[in-house]
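See structure below.
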Amino acid sequence: MNYQEALDYLAQQTKFGINLGLERIQELLRRLGNPQDGLKVVHIGGTNGKGSTAAMIASVLRAAGYRTGLFTSPHLHSYTERYRINGQAIAEEEVARLITGLRPVLEQMVADGMEAPTEFEVSTALAFLWFARQQVDWLVLEVGLGGEIDSTNVVRPEVVVITNVGMDHMDYLGPTIADIARAKAGIIKPGCPVVTGASGTALEIIQTRARELSAPLWSLGQEIQVRDIDLSATGTACRVQTPRGEYFIQVPLLGAHQAANAALAVAALLHLRERGAEWRGEHLRSGLAETRWPGRLEIISQQPLVILDGAHNLAGAQALAEALPLVTAGRRLNLVLGMLADKEREKVLALLAPCIQHLIITRPNSYRAGDWQALAAVARQYLPDKRVELYEQVEKAIERGLAITDAQQALLITGSLYMIADARSYLLKKLSKGGAGVESI
């Protein structure tokens, strides 16, 4: 198979949907020789901030000279983005070779009367296989959904990070914070250090799980303290106090929530240092300074000011709302919004409504978009005196947003990462061609 044929074959696995459980991935990996068992893993779960925290940890390990793998999902522009070594995505040809090799194993599983692995299970197995063959020193591994029965939860990690716990994926994880926290705490392993930014009931559940497994736990606000947060339109700086000392850190990611993510990254790296990862202060500084995580409070144009943010759930929208006054410098805001139907869309709209001057609703490119047009009726409840428009195609929604945004305003594009990916691709293409309406930063 070539690359496109391999992706088409992988896409066929989506017919099995989200089918949580470890039996299929465990059997698939057994047939592949359990490549995950030879990897040194940092396992990262949580509701929001997983990707940013993973990127920070991987960047510091890379700066320290380690061959560092990074597995994240979903991707923005190319499937290859999910698999990186030292910042470089896997080659398309390698994806094709790996999926070609996996195909007979997958088909034999079905022939043997077993359930077919899901798309994400195949992607996870591909990751373990590739990173093992590439002999990475460390693998920074992001949970796909939940934790306990997510397909990544077959590893024996060196450190576990649970960034936070919020209301998301309730159809799969349960209707309450306690249910979701129990699912996420499922990645904690016996004796394995844990760092978390969870609070309230979620923290209590994580603390109980850590105690049961004799897993040392550092939590944000207790063992980990963040002080002197300095926010700007170019990044975030703060002081992080830990049981192993204090660190002044700076990251080129925007928003106070990134100070929390960076603090968790530092805490995880301190535990890794005790497990063989040798890094110095200069590696921490340079690694954090070089961290990039596109599509999260990303300023993609200055004239007019255009901001992209994958605030795909309520917790993400809360972080976005807190950061907006600084990022927009008080400008009036036009919003392009595309959210999946299974998210708390009404609450997100209620949160962002005070900032919005003009709302454009669009459809994310996903079967989970549902009745995307129904969001307009909800929006008019919160914006009775404001303009609400609908454009099914993301490109047309963006063009409309650009057309109505002047130098005294800002255009915010937010919601589903599927929509953000399409929006970012379109804007980058427009920027590369010097298109009217946007000016590169």
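The values are calculated or read from the model by the stated rules, or taken from the named source; none is laboratory data. Everything numeric here is computed off the predicted structure, so don't read it as measured data. Cβ sites come from the backbone with ideal geometry, for glycine too, and all protein chains shown count toward neighbours. To get the accessible areas, we keep the full protein, side chains included, count just its heavy atoms, and leave off ligands, DNA and RNA. Shrake-Rupley method; radii C 1.70, N 1.55, O 1.52, S 1.80 Å.
Using the Kirkwood formula on the Cα atoms of the range 198-290, what hydrodynamic radius do you get, in angstrom to one decimal?
Working: mean 1/r = 0.0710 Å⁻¹.
After inverting the mean inverse Cα-Cα distance, the result is 14.1 Å.
Counting pairs of Cα atoms in the range 327-378, how many percent are more than 18 Å apart?
Numbers: 416 of 1326 pairs.
Tail of P(r) above 18 Å: 31 percent of Cα pairs.
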Exercise. Give me the aspartates and glutamates in straight-line cross-link reach of K396: C-alpha distance below 15 Å, same-chain residues under 8 apart excluded.
Key: D422
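If you average the sequence gap of Cα pairs under 8 Å that are 6 or more apart and divide by the length of the range 1-144, what percent do you get for the contact order? Don't jump to the answer; show the numbers that get you there.
Working: 193 pairs, mean separation 63.8, N = 144.
Reported as a whole number, the value is 44 percent.
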Quiz item: Per 10 Å bin, what percent of the C-alpha pairs of the range 1-105 does each bin hold, from zero upward?
Solution: 12, 37, 42, 10, 0
Quiz item: Considering the chain as a Gaussian network with a 10 Å cut-off on Cα pairs, which listed residue, R363, R182, R332, attains the greatest mean-square fluctuation?
Solution: R332
Quiz item: What is the Rg over Rh value, at two decimals, for the range 78-128, using alpha-carbon atoms and the Kirkwood definition of Rh?
Solution: 1.04
Quiz item: Taking only the alpha carbons of the range 271-365, what extent do you get along each of the three principal axes, in Å, biggest first?
Solution: 51, 34, 24
Self-check item: Amide hydrogen neighbours beyond the local backbone of W372, cut-off 5 Å, H modeled
Solution: none
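Holding the Cα-Cα limit at 20 Å, pick out from K347/K386; K50/K189; K184/K347 the pairs that are longer than that.
Values: K347/K386 18 Å; K50/K189 18 Å; K184/K347 23 Å.
Table pairs above 20 Å Cα-Cα are K184/K347.
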Quiz item: In Å², what does the accessible area per residue of the range 61-145 work out to with a 1.4 Å probe?
Solution: 38
Exercise. Please list, in chain and number order, the residues 5+ apart from E344 or on another chain whose amide H is under 5 Å from its amide H, with Hs placed from the backbone.
Key: L314
Quiz item: Protein chains only, probe 1.4 Å: how do D150, D37 rank by accessible area, largest first?
Solution: D37, D150
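For the range 217-362, what does the accessible surface come to per residue with a 1.4 Å probe? Please give it in Å². Could you put the intermediate results ahead of the total?
On the way: 5570 Å² over 146 residues.
I get 38 Å² per residue for this part.
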Exercise. Please say if the range 351-441 is rounded, prolate or oblate, where rounded means a/c under 1.5 for a ≥ b ≥ c the square roots of the C-alpha gyration tensor eigenvalues, and otherwise the choice is prolate for a/b larger than b/c and oblate otherwise?
Key: oblate
Exercise. Find which of V165, P193, V136 sits farthest along the positive direction of the dipole of the range 115-214, computed with +1 on the beta-carbon of Lys and Arg, -1 on that of Asp and Glu, about the Cα centre.
Key: P193
Quiz item: Stretch R332-T176 to full length: gain in nm at 0.36 nm per residue minus the Cα-Cα span?
Solution: 52.6 nm
Quiz item: Hey, if you drop one equal point scatterer on each alpha-carbon of the chain and run the Debye formula without solvent, what base-10 log of I(q)/I(0) do you get at q = 0.09, 0.11 Å⁻¹?
Solution: -0.57, -0.87
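Only helical DSSP H runs with n ≥ 4 go in: add -39500 (n - 2.57) per run for the chain, normalise by residue count and round the 222 nm mean residue ellipticity to 500 deg cm²/dmol. Could the numbers behind the result be given before it?
Working: 15 runs with 180 residues, N = 441.
Estimated from H runs of four or more residues: -12500 deg cm²/dmol.
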Practice problem: With both partners inside the chain, how many of the DSSP beta bridges are antiparallel, as a percent to the nearest 5? | Solution: 35
Practice problem: Return a whole-number percent for the relative contact order of the chain, with Cα pairs under 8 Å and 6 or more residues apart as the contact set. | Solution: 15
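Among the trypsin sites (Lys or Arg not before Pro) within the range 242-287, which fall in a DSSP loop and have no more than 14 other Cβ atoms within 10 Å of their own Cβ?
Working: sites: R244, R273, R275, R280, R285; in loops: R244, R275, R280.
Sites meeting the loop and neighbour criteria: R275, R280.
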Quiz prompt | Whole-percent carbon and sulfur share, accessible surface of the range 27-82, 1.4 Å | solution = 40
Quiz item: With charges set only on the Cβ (+1 for Lys and Arg, -1 for Asp and Glu), what does the dipole of the range 105-148 come to about its Cα centre, in debye to the nearest 20?
Solution: 200
Quiz item: Given the Cα-Cα distance of R285 and S366 and 0.36 nm per residue of separation, how much length would full extension add, in nm?
Solution: 25.3 nm
Quiz item: To the nearest 10 Å², what's E346's accessible area with a 1.4 Å probe?
Solution: 100
Quiz item: In whole Å, what is the distance between the alpha-carbon centres of the range 330-383 and the range 97-146?
Solution: 36
Quiz item: When the Cα centres of the range 222-236 and the range 3-75 are compared, how far apart do they sit, in Å?
Solution: 29
